[in-house]
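Q: Could you have a look at this structure, given as structure tokens, before my questions?
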Ligand code: NAD
Ligand code: DAU
């Protein structure tokens, strides 16, 4: 098996590459990543022992010439994690989101079609479905109703992927997962932001009333699901991925503070995110029924492991939380 994995220097992509190298001694992986503010080669350092089974290329998925030259070497599958992934940044400026998430996906699809790649896997998100009321869960048949520029760009990409299957008969699969947590998550996202701010005795900014609900899954469970879908999923299908762990944001923040022996007075309720989706919940029964997937990591255990990981990897996140990161932080949180 030879894979091209884009966005592999980010959070989920790096965890996926490691999972695949560990699980399949015959798999070779080429990774392609632009190394934006969110990309970090340190996230791939654990691939070292796998030697020449992994090769990294720095580049932009929207760069047609580069992508053609990479894809022309031939792959059994291309797995597209590359994206601008942070909702808050998309509210400040959507340009990079449209360029990478929409145009970049189209460029990859064109190259995969031209060079006959076996399967194209698009890593999408539950956010394309919009927001839920108090009950129910998203299924694969629900209409798309994205509410942020980020989720709109991901929904547009999903539509392109679907159209390349319908129009050209390309073998594609789309995965839509809920909120991930685990090692190497960039500390702009809720869980690593709250852990690292608490470790630094800084305020923890919780949007609105803190009762927005997310459905959490450990990144390892997400990666196992993607592996299964690439290998056994049906062409043209969409698979929801979630671990049935719905929690209001403020409960998670309180849990983190308790584990770190920090006072709840560090919590600061701030002005809400515009267009903030109230609740997400994923129905992943199709994935369970058709491919036998089940989550394995219990949330409390996974969160405690994640907290320990950030305690042990302080240099990793301290290096990130400076420079460009602080410019964004001040702009976004400054007047909230
Ligand atoms: P991330 O921001 O940590 O990583 C994104 C990676 O993409 C970075 O390494 C970045 O350098 C790279 N990248 C950005 N623009 C690029 C470009 N033009 N060309 C090549 N590389 C580029 O994101 P993540 O949280 O790991 O998310 C990965 C994927 O999973 C995204 O597509 C996201 O939409 C999706 N997803 C994320 C979650 C989540 O909870 N984090 C949940 C569901 C789906
Ligand atoms: O649901 C999947 C999505 O999860 C992915 O597609 C996105 O790439 C990923 O970023 C994530 O999006 P969210 O917007 O849900 O994640 P975020 O970590 O930004 O926020 C989680 C919740 O916490 C959300 O309700 C907003 C809230 N929040 C977030 C931050 C950063 C706060 O209350 N305060 C904060 O400072």
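None of the figures in this text is laboratory data; all of them are computed from the coordinates on show. Just so we're clear, the structure is a prediction, and the values are computed from it rather than from any experiment. We place every Cβ from the backbone using ideal geometry, glycine too, and count neighbours over all the protein chains shown.
Q: Is it true that residue 79 is in a helix (DSSP H, G or I), under 16 Å from residue 2 (Cα atoms), touching a residue at least 40 places away in the same chain (Cβ under 8 Å) and touching a strand residue (DSSP E or B) at 6+ places or on another chain (Cβ under 8 Å)?
A: On the way: in a helix (DSSP H, G or I): no; under 16 Å from residue 2 (Cα atoms): yes; touching a residue at least 40 places away in the same chain (Cβ under 8 Å): yes; touching a strand residue (DSSP E or B) at 6+ places or on another chain (Cβ under 8 Å): yes.
So residue 79 does not fit the description; no.
Q: Next question, about the same structure. Can you find a residue in segment 307-321 that is part of a helix (DSSP H, G or I), in contact with a strand residue (DSSP E or B) (Cβ under 9 Å, 6 or more places away or on another chain) and closer than 30 Å to residue 239 by Cβ? Spell out the reasoning first.
A: The first filter runs over segment 307-321 and keeps only residues part of a helix (DSSP H, G or I), leaving 307-312, 314-320.
Okay, now just the ones that are also in contact with a strand residue (DSSP E or B) (Cβ under 9 Å, 6 or more places away or on another chain), so none.
Checked against the condition, which is being part of a helix (DSSP H, G or I), in contact with a strand residue (DSSP E or B) (Cβ under 9 Å, 6 or more places away or on another chain) and closer than 30 Å to residue 239 by Cβ, segment 307-321 yields no hits at all.
Q: While we're on this one: Identify all residues within segment 239-266 that are in contact with a helix residue (DSSP H, G or I) (Cβ under 7 Å, 6 or more places away or on another chain) and part of a strand (DSSP E or B); write none if there are none.
A: 239, 240, 241
Q: Does residue 63 fit the bill of being away from ligand 2 (no atom under 15 Å from the Cβ), without any contact (Cβ under 8 Å) to a residue 12 or more places away in the chain and touching a helix residue (DSSP H, G or I) at 6+ places or on another chain (Cβ under 9 Å)?
A: Values: away from ligand 2 (no atom under 15 Å from the Cβ): yes; without any contact (Cβ under 8 Å) to a residue 12 or more places away in the chain: no; touching a helix residue (DSSP H, G or I) at 6+ places or on another chain (Cβ under 9 Å): yes.
So residue 63 does not fit the description; no.
Q: So, one more: Answer yes or no as to whether residue 30 is under 17 Å from residue 177 (Cβ atoms), more than 6 Å from ligand 1 (Cβ to nearest atom) and in contact with a strand residue (DSSP E or B) (Cβ under 9 Å, 6 or more places away or on another chain). Break it down into steps so the answer makes sense when it comes.
A: Values: under 17 Å from residue 177 (Cβ atoms): no; more than 6 Å from ligand 1 (Cβ to nearest atom): yes; in contact with a strand residue (DSSP E or B) (Cβ under 9 Å, 6 or more places away or on another chain): yes.
So residue 30 fails the test.
Q: Here's a follow-up. Collect the residues in segment 126-166 that are within 15 Å of ligand 1 (Cβ to nearest atom) and touching a strand residue (DSSP E or B) at 6+ places or on another chain (Cβ under 6 Å), keeping them in residue-number order.
A: 126, 129, 138, 140, 154, 158, 161
Q: I want to confirm something. Restricting to segment 125-147 and keeping residues that are under 21 Å from residue 11 (Cα atoms) and in contact with a helix residue (DSSP H, G or I) (Cβ under 8 Å, 6 or more places away or on another chain), which single residue is nearest to ligand 2 (Cβ to nearest atom)? Please lay out each step first, then the result.
A: We begin by selecting, within segment 125-147, every residue under 21 Å from residue 11 (Cα atoms); these are 125-128.
Still in the list and also in contact with a helix residue (DSSP H, G or I) (Cβ under 8 Å, 6 or more places away or on another chain): 125, 127-128.
On the way: 125: 3, 127: 5, 128: 9 Å.
Per the stated criteria, the residue is 125.
Q: Can I ask one more? Taking segment 85-124, which residues are surrounded by 17 or more Cβ atoms within 10 Å (Cβ to Cβ), away from ligand 2 (no atom under 15 Å from the Cβ) and not in a helix (DSSP H, G or I)?
A: Result: 117, 119, 120, 121.
Q: Follow-up. If you go through segment 267-282, how many residues are under 30 Å from residue 165 (Cβ atoms) and not in a loop (DSSP other than H, G, I, E, B)?
A: Within segment 267-282, residues that are under 30 Å from residue 165 (Cβ atoms) and not in a loop (DSSP other than H, G, I, E, B) number 1.
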